[in-house]
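The values are calculated or read from the model by the stated rules, or taken from the named source; none is laboratory data. Fair warning: this is a prediction, and the values are worked out from it, not measured in the lab. As a convention, Cβ positions derive from the backbone with ideal geometry for all residues, glycine included, and neighbour counts pool all protein chains shown.
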Amino acid sequence: MGDAERIHALRALLSRLSDEYHVQDAPSVPDADYDALMRELEALEARHPELDDPASPSRRVGGRPSAQFSPVRHDPPLLSLQNAMDADELREFDRRVRREAGDAAVSYVVEPKIDGLTIVLRYEDGILRQGATRGDGSVGEDVTENLRQISALPQRLKGAPHGVFEARGEVFMPRPAFDALNAARTAAGEPEFANPRNAAAGSLRQVDARVTGTRGLEVFCYEVRRGAQPRTQSDALGLLAQVGLPVNPLQTRCASIAEVIAETERFAVQRAQLPYATDGLVVKLEDLRLAQQLGATQKAPRSAIAFKFPAEEAATELLDIEVQVGRTGTLTPTAILRPVRLAGTTVQRASLHNEEIIAQRDIRIGDTVRVRKAGEIIPEVIGVIADERHFLRQTYAFPRTCPVCGGEAVRREGEAARRCINPACPAQLREWLIHIGGRAALDIDGLGPRTVDLLLSRGLVLQPEDLFRLREEELAQLPRFGGKSAAKLAAGLRDARSRPASRILFALGVPHVGERAADLLVEHFGSLTAIAQASEQELSDVPGIGPVIAASVRRFFAGGVGERLLVSLAELGFDLDRIRADAPAEGPLAGEVVVFTGTLSVPRQEAQARARSLGARVDSDITRRTTIVVAGESAGSKLARADSLGLRVLTEAEFGALSDGTRERN
């Protein structure tokens, strides 16, 4: 392939990868691989100026903004940063800066490069009015309501500076929040996020802003864009902290590039202990006036550079591929490795994701494989060192039957995973029972993995509903299960019958139905019975429920298992029409369906709980069932829709007046 053909191929490939990263929040290659491809393209384009193309990915800052949010134009545009991969490239950056600076003194500020999503915050007279993503650098997405859900981000600045104040920052997901989110998604039968950056981007760009508020996102701000003109980067960081915006305390002033290089070596050790993911350091000119004089290329400022740490990889032997079966029947392959040191720990197991990944990367047992810690956390096999493969090594054949029960394992159209479809599969039953007893489901005290294993080994539970047929005296006869343990579990099983319908639905283990989807479905249809009888189209029409979840719910209840479960649970005393544990049967707002919009004086959850305590049903979106819209400050599209539908709109104060039990009607 000649240079021209390679340039064309790289432009097409990088455009696709950029879209995956910036728009879909689902990159298919690691950052290091993307950076290497970009550097190859830039080198080829430098050799062939006659092949210049203004639309080349090397000219672009980010990806196109998503169509699901309102566009926000950035003025001036948000630039990206050039990368330095080693100390020599840092020294070359310093030589360029000093050459342009002439006799001016040159020093730097070094800050951690957070692996998150860039945002711009706009405050007017100290009040947060708008927050937007970077998008393509010129046009981003309006995610104001989502940003309001991040507790660390102030709605009002200290000192309430007059006029417009704009700051640039990074939204990120700390490692503990990332681990908790992936654990919840695994429990719900949903795919895990590959790394904290993807998780942060996906969480910030939720259509339902309430979901953003549950994801534990944090923010660090690092640039003043409008409203003040600090002389130095240190002054800018100080000003941001002074007005109440969160600033990373890990910032180092370096008098020379030698000190910068020493800082990269020190930070390379420190970053593994940080509670958030970093992929490098940002080196910025301390003197902001000098930085402004140096200007920028089409894509990046000349006064700053990102030093990127290489993703730590290791080569080791793939000893075996172990396929595990989850509660929804998903067959998940795990690589069993010859132990290898990686990012400070010994790794013996690594993710292979799914059947398609194994085939695409042609991974075979006995291969020497490259292993990387995705997002510095999750070990994954990223490729094979083919030169070391023996010519007789066979292609890996993913099982077409369940490795536990021998039942058929199918891969449905549009899904990457293969699933065991045997409803009596013991591996699925075990994981299902553990899920049922979990806190987010029926919260059954005393039902942990060891107890589940004991019940299964004794043949006392053959299907989920058998749990609720167990008698206390029967439990007391189990080995290592005395009277106290039996009474505790029996009480937990009795209490489970009074859980609200949304938690019962989540406990059923419908593939793709997590806690949020269960809440949305129950609030919309009012009962599990109605959900089970709804068509796929009716399910898909529920705001926040897409076609994948709708198809999964319909398949679950139409296939016999779900219908049988509902009948059995009703016979065992479960109330399938119980909306939530704290909702009274009657109240001054009984029969009303309330939607809150805009900024309220109290947390949104508190206002919603109050409405429910008065007997109302609360929705997140305006539908034909909506009867009251409570509009707070800066109410937007929902208020306009309410007006167009002629719905009853109340101010927050008017809604508060309803707590005395009166019901004014138009």
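Conditions tested, residue by residue: (1) in the same structural domain as residue 431 (by TED's automatic domain parsing); (2) more than 27 Å from residue 140 (Cβ to Cβ); (3) of a type in the set (A, V, I, L, M).
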{"site": "203", "(1), (2), (3)": "no, no, no"}
{"site": "208", "(1), (2), (3)": "no, no, no"}
{"site": "214", "(1), (2), (3)": "no, no, no"}
{"site": "217", "(1), (2), (3)": "no, no, yes"}
{"site": "223", "(1), (2), (3)": "no, no, no"}
{"site": "242", "(1), (2), (3)": "no, no, no"}
{"site": "252", "(1), (2), (3)": "no, yes, no"}
{"site": "261", "(1), (2), (3)": "no, yes, yes"}
{"site": "276", "(1), (2), (3)": "no, no, no"}
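Only one of 382, 377 is β-branched (Val, Ile, Thr), surrounded by 13 or more Cβ atoms within 10 Å (Cβ to Cβ) and modelled with pLDDT under 80; which?
Going through 382, 377 in turn, the sole match is 377.
In this structure, is residue 137 part of a loop (DSSP other than H, G, I, E, B) and in contact with a Leu (Cβ under 8 Å, 6 or more places away or on another chain)?
Here the answer is yes, as residue 137 does meet what is asked.
Test residue 266 against the criterion of being of a type in the set (Lys, Arg), surrounded by 15 or more Cβ atoms within 10 Å (Cβ to Cβ) and assigned by TED's automatic domain parsing to the domain that holds residue 145, and give yes or no.
Criteria not met by residue 266.
Given the structure, is residue 289 farther than 30 Å from residue 347 by Cα, out of contact with any strand residue (DSSP E or B) (no Cβ under 7 Å at 6 or more places or on another chain) and among the charged types (D, E, K, R)?
Here the answer is yes, as residue 289 does meet what is asked.
Taking segment 186-209 on its own, how many of its residues are farther than 16 Å from residue 516 by Cα, among the small types (Gly, Ala, Ser) and in a helix (DSSP H, G or I)?
So the answer is 3.
Taking the conditions exactly as written (buried (at least 21 other Cβ atoms within 10 Å of the Cβ) and in a helix (DSSP H, G or I)), does residue 97 satisfy them or not?
Judged against the criteria, residue 97 is a match.
Here is a list of conditions, (1) under 21 Å from residue 515 (Cα atoms); (2) in contact (Cβ under 8 Å) with a residue 12 or more places away in the chain, and residue 183 meets all of them except one; can you say which number that is?
(2)
I'd like the residue in segment 155-177 that is assigned to a loop (DSSP other than H, G, I, E, B) and modelled with pLDDT of 90 or more and, out of all such residues, is surrounded by the fewest Cβ atoms within 10 Å (Cβ to Cβ).
163
Of the residues 290, 319, 337, 331, which single one is within 25 Å of the chain's Cα centre (by Cα) and at pLDDT 90 or above?
331
Testing residue 419 on (1) part of a strand (DSSP E or B); (2) of a type in the set (Lys, Arg); (3) out of contact with any Lys or Arg (no Cβ under 8 Å at 6 or more places or on another chain), one condition comes back false. Which one is that?
All conditions are met except number (3).
Within the bounds of segment 104-126, is there any residue that is more than 32 Å from the chain's Cα centre (by Cα), free of Cβ contacts under 8 Å to residues at least 60 places away in the same chain, part of a helix (DSSP H, G or I) and farther than 16 Å from residue 261 by Cβ?
Scanning segment 104-126, I find no residue that is more than 32 Å from the chain's Cα centre (by Cα), free of Cβ contacts under 8 Å to residues at least 60 places away in the same chain, part of a helix (DSSP H, G or I) and farther than 16 Å from residue 261 by Cβ, so the answer is no.
For segment 244-276, name all the residues that are of a type in the set (A, V, I, L, M), part of a loop (DSSP other than H, G, I, E, B) and touching a strand residue (DSSP E or B) at 6+ places or on another chain (Cβ under 7 Å).
Those that are of a type in the set (A, V, I, L, M), part of a loop (DSSP other than H, G, I, E, B) and touching a strand residue (DSSP E or B) at 6+ places or on another chain (Cβ under 7 Å): 245, 247, 250.
Only one residue in 544, 560 is of a type in the set (Gly, Ala, Ser) and more than 28 Å from residue 425 (Cβ to Cβ), so which one is that?
Answer to the selection: 544.
Looking at residue 162 and the list (1) in contact with a strand residue (DSSP E or B) (Cβ under 6 Å, 6 or more places away or on another chain); (2) of a type outside the set (Val, Ile, Thr); (3) without any contact (Cβ under 8 Å) to a residue 40 or more places away in the chain, which single condition is not satisfied?
Only one criterion is unmet by residue 162, namely (1).
Name the residue, out of 394, 428, that is modelled with pLDDT under 90 and either more than 31 Å from the chain's Cα centre (by Cα) or among the hydrophobic types (A, V, I, L, M, F, W, C) (or both).
Within the list 394, 428, the selection yields 394.
Would you mention how many residues in segment 609-629 are farther than 15 Å from residue 145 by Cβ and either surrounded by 18 or more Cβ atoms within 10 Å (Cβ to Cβ) or assigned by TED's automatic domain parsing to the domain that holds residue 129 (or both)?
11
Quick one: is residue 188 small (Gly, Ala, Ser), touching a residue at least 12 places away in the same chain (Cβ under 8 Å), closer than 30 Å to residue 416 by Cα and buried (at least 21 other Cβ atoms within 10 Å of the Cβ)?
So residue 188 fits the description; yes.
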